[in-house]
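Worksheet for the structure shown next.
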Amino acid sequence: MFRPLSVCVGLRFSRGRSTSGFVSFISASSVIGIAIGVIALIVGLSAMNGFEYELHHRILSVIPEAEVRAESGMFTDPAVYMEKLAGGSGIKGVSPFTEADAIAGNGLKFKAVRARGIDPETTGNTLGLREFMTEGSLESLTPGSRSAVLGKKVAEKLGVRKGDQVTILAVRKSGKSDASGVPATESLPFTVSGTFSIGGELDGALVFINVADAGELTGLPAGAVTGIEVRTADFLNPERTVYNRAMQLDRNVMISGWMSREGRLYRDINLVRAVMYIGLFMVIAVACFNIVSGLVMSINDKRSSIAILMSMGAGTGLIRRIFMTQGIISGLIGTLSGTLLGVLAALNLTSIVKFLEHLTGRSALNGDIYFISFIPSEVRPADVAMVAGAALLMSVISSWLPSLRVSHISPARELAGGV
């Protein structure tokens, strides 16, 4: 097969032994450094992609993307406003809800929770809770049944299972405070009809009941709800979509999105991603600097060979391409090996971390603090291509800079022994 002379000689220089072992060490370290940098960047970005996916897939399965609340504190005729909101562009589903901060108790065991009343018939349009049910079903939350679906950690904290009784106490929204200023409360018994688990902190904070039972618990008029939850086509900015439709309503409403409640998680993920881009690309840049050092020493090591080639008619352009080939080969080997190992590590990151957790007896993420208790990973071809392309580009630049030194070599002086 025909190959350019610069490639043939560059490959020969790459395979040949250097008179200085240190030059070989620098060349090998540049390959290893680039590979490590590429591996770390691919694994890190895949982990951030995984966190972003799990945030969307899990958190937004139990928390609505957007909520519309009446300025007065309740919708007495929610069906009318649900119909108006559902007709808007970009709105994929609506469902009524009533929410209250509450205390769930079983005997002498108590747990502060967020009691959320939902309509099982329409909540599938806005939440993906059914996917994470571990026991029972949402269909058990019928009006007047006083059934409750508890987060797994709430059930564990109270020591209850399906069929057991719990008491839920909440402040009555329509009640008045007594003479001492203590607000009126209501406590009702509920039967545990199921549990759910998304694998994070919300398992210990949420309790779902029927929206009618929630109205009774909070003292709302029959049929009234505190708000309407909305699912949109743009989960990153649902408020804008809902706002455009809410402008058509005949009353003042308050709109809030999931970003205001759990958005810190998304912002933290993107902040870590940005820092990772900068830090790990600097690691690759340092590794590429080794290519510069290795090629400078390689040029000095082969000055006599360069002089012979020049005396045979080789121009400085050919000599530069020879040493650029040598440097690009190091970058190519490091990039390809790093990409292959990085993708393999990213695809098996969750299993690798679980194995290390089992080995050390420590958890990487605490489910009581974070929204998940495992390290997720999602490999995106675009990220892999970007990392590999950036590493190769930096390798080419690092190979081109030292190749300029060949123009300072005098063939006559080198062949004459440097005199």
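Go through the range 234-282 and report how many residues are hydrophobic (A, V, I, L, M, F, W, C) and over 24 Å from Pro376 (Cα atoms).
8
Tell me which residues, restricted to the range 149-199, are of a type in the set (Lys, Arg) and modelled with pLDDT under 85.
Arg172, Lys173, Lys176
May I ask you to list the residues in the range 252-283 that are surrounded by fewer than 17 Cβ atoms within 10 Å (Cβ to Cβ), assigned to a helix (DSSP H, G or I) and hydroxyl-bearing (Ser, Thr, Tyr)?
Matches in the range 252-283: Ser260 only.
What single numbered condition from (1) surrounded by 15 or more Cβ atoms within 10 Å (Cβ to Cβ); (2) of a type in the set (Gly, Ala, Ser); (3) not assigned by TED's automatic domain parsing to the domain that holds Ile397 fails to hold for Ala112?
Only one criterion in (1) surrounded by 15 or more Cβ atoms within 10 Å (Cβ to Cβ); (2) of a type in the set (Gly, Ala, Ser); (3) not assigned by TED's automatic domain parsing to the domain that holds Ile397 is unmet by Ala112, namely (1).
Pairs needed: first member in the range 288-300, under 12 Å from Ile328 (Cα atoms); second member anywhere, surrounded by fewer than 18 Cβ atoms within 10 Å (Cβ to Cβ) and modelled with pLDDT under 75; C-beta distance under 7 Å; at least 6 residues apart or different chains.
Val292/Leu401
Could you go through the range 351-371 and let me know if any residue there is of a type in the set (D, E, K, R) and under 16 Å from the mean Cα position of the chain (by Cα).
no
Scan (1) buried (at least 22 other Cβ atoms within 10 Å of the Cβ); (2) assigned by TED's automatic domain parsing to the domain that holds Leu41 for the single condition Gly227 breaks and write down its number.
(2)
Take Lys84 and tell me if it is charged (D, E, K, R) and outside any strand (DSSP E or B).
Spelling it out, Lys84 is indeed charged (D, E, K, R) and outside any strand (DSSP E or B).
What about Ala246, is it surrounded by 14 or more Cβ atoms within 10 Å (Cβ to Cβ) and at pLDDT 75 or above?
Taking the combined requirement at face value, the residue satisfies it.
Could you count how many residues in the range 222-249 are under 23 Å from Ile59 (Cα atoms) and in contact with an Asp or Glu (Cβ under 8 Å, 6 or more places away or on another chain)?
11
Could you say which residue among Ala79, Ala86, Ala47 is touching a Ser or Thr at 6+ places or on another chain (Cβ under 6 Å) and modelled with pLDDT of 75 or more?
Answer to the check: Ala47.
The values are calculated or read from the model by the stated rules, or taken from the named source; none is laboratory data. As the structure is a prediction and not an experimental result, all values here were calculated from the model. Positions of Cβ are backbone-derived with ideal geometry, glycine not excepted, and every protein chain shown enters the neighbour counts.
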